[in-house]
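Read through the structure below, which is laid out as structure tokens, and then see the notes.
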Ligand SMILES: [Zn+2]
């Protein structure tokens with residue numbers, strides 16, 4: 001069964017050993033993350049289904065089926081953090097089975113989880129030592145409708161699954177909000193972020209599915225596809241969106257939002 005859903009950002013700077021003093025600029029995001037974590041803890045999930053924006057395959061959805069995986073941030077200079085998780089292989093197969101007739105989907109075996117899922121796991125699995133995970137990636141070349149469809153196809157499996165599942169969609173909003181943004185400044189970046197925030201608050205799925213691709217492309221974001229998969233899963237379920245924080249101290253939009261399943 002699905003017990004909770006949320007959307008979170010994944011800046012490596014949120015990891016204390018990586019961010020060091022920069023972490024002070026992410027105070028609201030961090031506090032919001034801690035609220036999501038407290039909520040998750042109360043809902044006692046047995047599996048965290050992470051929909052991480054960074055595609056591993058251009059043409060297919062992918063699921064990491066490596067039995068045991070690690071999260072570290074060595075490529076960001078953090079030689080200390082090392083978390084270990086068990087994948088819920090059975091859930092991975094169920095997701096594959098329910099989608100493979102209609103969608104291209106592949107199974108992978110990644111020992112190290114990319115920061116796209118690693119940052120959320122660092123925060124959200126903190127007090128859930130026995131919680132398993134399942135990490136799913138969108139497909140770069142597939143369009144928005146395919147991502148919603150993917151969510152719709154796996155919904156029944158998740159609802160009827162014999163473990164308590166929390167869905168964590170992860171990605172960042174525009175990477176072009178300031179002059180010193182990593183992807184350079186775009187005058188439309190702010191418009192993109194505000195539009196996404198409003199669509200989620202209004203539960204306006206139709207508008208999200210038809211989201212302006214040129215605007216998303218211009219904004220350089222990695223949020224829409226994980227959000228579309230999430231909406232595909234929960235749009236028929238009664239839930240309440242609750243925006244917990246939005247910050248962009250480094251020119252990238254970080255949104256934290258809870259979706260309380262009723
Ligand atoms: Zn990203």
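Just so it is clear, none of the values below were taken in a lab; they were calculated from the coordinates. No experiment lies behind these values; they were computed from the predicted model shown. So basically every Cβ, Gly included, is an ideal-geometry build from the backbone, and we count neighbours across all protein chains shown.
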Item to check | Residue match in the stretch 151-161 (condition: surrounded by fewer than 21 Cβ atoms within 10 Å (Cβ to Cβ) and under 28 Å from residue 74 (Cα atoms)) | outcome: no
Checklist entry - Residues in the stretch 147-166: is at least one within 16 Å of the ligand (Cβ to nearest atom), assigned to a helix (DSSP H, G or I), closer than 23 Å to residue 87 by Cα and touching a helix residue (DSSP H, G or I) at 6+ places or on another chain (Cβ under 8 Å)? => result yes
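One line per residue, one yes/no per condition, for (1) more than 16 Å from the ligand (Cβ to nearest atom); (2) in contact (Cβ under 8 Å) with a residue 24 or more places away in the chain; (3) outside any loop (DSSP other than H, G, I, E, B):
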| position | (1), (2), (3) |
| --- | --- |
| 106 | yes, yes, yes |
| 122 | no, yes, yes |
| 126 | yes, yes, no |
| 130 | yes, yes, no |
| 140 | no, yes, no |
| 178 | yes, yes, no |
| 181 | no, yes, no |
Checklist outcome for this item: Expected single match for part of a loop (DSSP other than H, G, I, E, B), without any contact (Cβ under 8 Å) to a residue 60 or more places away in the chain and touching a strand residue (DSSP E or B) at 6+ places or on another chain (Cβ under 8 Å) among 102, 110 is 110
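Do you know which of the residues in the stretch 216-234 that are touching a residue at least 40 places away in the same chain (Cβ under 8 Å) and more than 20 Å from residue 120 (Cα to Cα) is surrounded by the most Cβ atoms within 10 Å (Cβ to Cβ)? Give the derivation first.
So in the stretch 216-234, the residues touching a residue at least 40 places away in the same chain (Cβ under 8 Å) come out as 218-234.
Restricting the remaining residues to those that are more than 20 Å from residue 120 (Cα to Cα) gives 218-220, 232.
Numbers: 218: 17, 219: 26, 220: 20, 232: 22.
Residue satisfying both the conditions and the ranking: 219.
List the helices (runs of 4 or more DSSP H) that sit entirely inside the stretch 1-99 and contain at least 3 residues that are in contact with a strand residue (DSSP E or B) (Cβ under 7 Å, 6 or more places away or on another chain) and surrounded by 15 or more Cβ atoms within 10 Å (Cβ to Cβ).
Values: elements: 16-19, 27-43, 89-99.
In the stretch 1-99, 27-43, 89-99 are the helices (runs of 4 or more DSSP H) which contain 3 or more residues that are in contact with a strand residue (DSSP E or B) (Cβ under 7 Å, 6 or more places away or on another chain) and surrounded by 15 or more Cβ atoms within 10 Å (Cβ to Cβ).
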Checklist entry - Among the residues of the stretch 135-150, how many are farther than 20 Å from residue 207 by Cβ and surrounded by 22 or more Cβ atoms within 10 Å (Cβ to Cβ)? => result 4
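For the stretch 205-215, indicate whether the set of residues that are within 30 Å of residue 40 (Cα to Cα), loosely packed, with under 15 Cβ neighbours inside 10 Å and touching a helix residue (DSSP H, G or I) at 6+ places or on another chain (Cβ under 8 Å) is non-empty.
Filtering the stretch 205-215 down to residues within 30 Å of residue 40 (Cα to Cα) leaves 205-209, 211.
Still in the list and also loosely packed, with under 15 Cβ neighbours inside 10 Å: 206-207.
Checking the rest, the ones that are also touching a helix residue (DSSP H, G or I) at 6+ places or on another chain (Cβ under 8 Å) come to 207.
Yes, some residue in the stretch 205-215 is within 30 Å of residue 40 (Cα to Cα), loosely packed, with under 15 Cβ neighbours inside 10 Å and touching a helix residue (DSSP H, G or I) at 6+ places or on another chain (Cβ under 8 Å).
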Next on the checklist: Out of 244, 227, I need the residue that is touching a strand residue (DSSP E or B) at 6+ places or on another chain (Cβ under 9 Å), within 16 Å of the ligand (Cβ to nearest atom) and not in a loop (DSSP other than H, G, I, E, B). Which one?
Outcome noted: 227
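Quick one: which residue in 89, 51, 15 is more than 15 Å from the chain's Cα centre (by Cα) and within 16 Å of the ligand (Cβ to nearest atom)? Before the answer, list the steps.
Working: 89 fails: within 16 Å of the ligand (Cβ to nearest atom); 51 fails: more than 15 Å from the chain's Cα centre (by Cα).
15 is the lone residue from the list that is more than 15 Å from the chain's Cα centre (by Cα) and within 16 Å of the ligand (Cβ to nearest atom).
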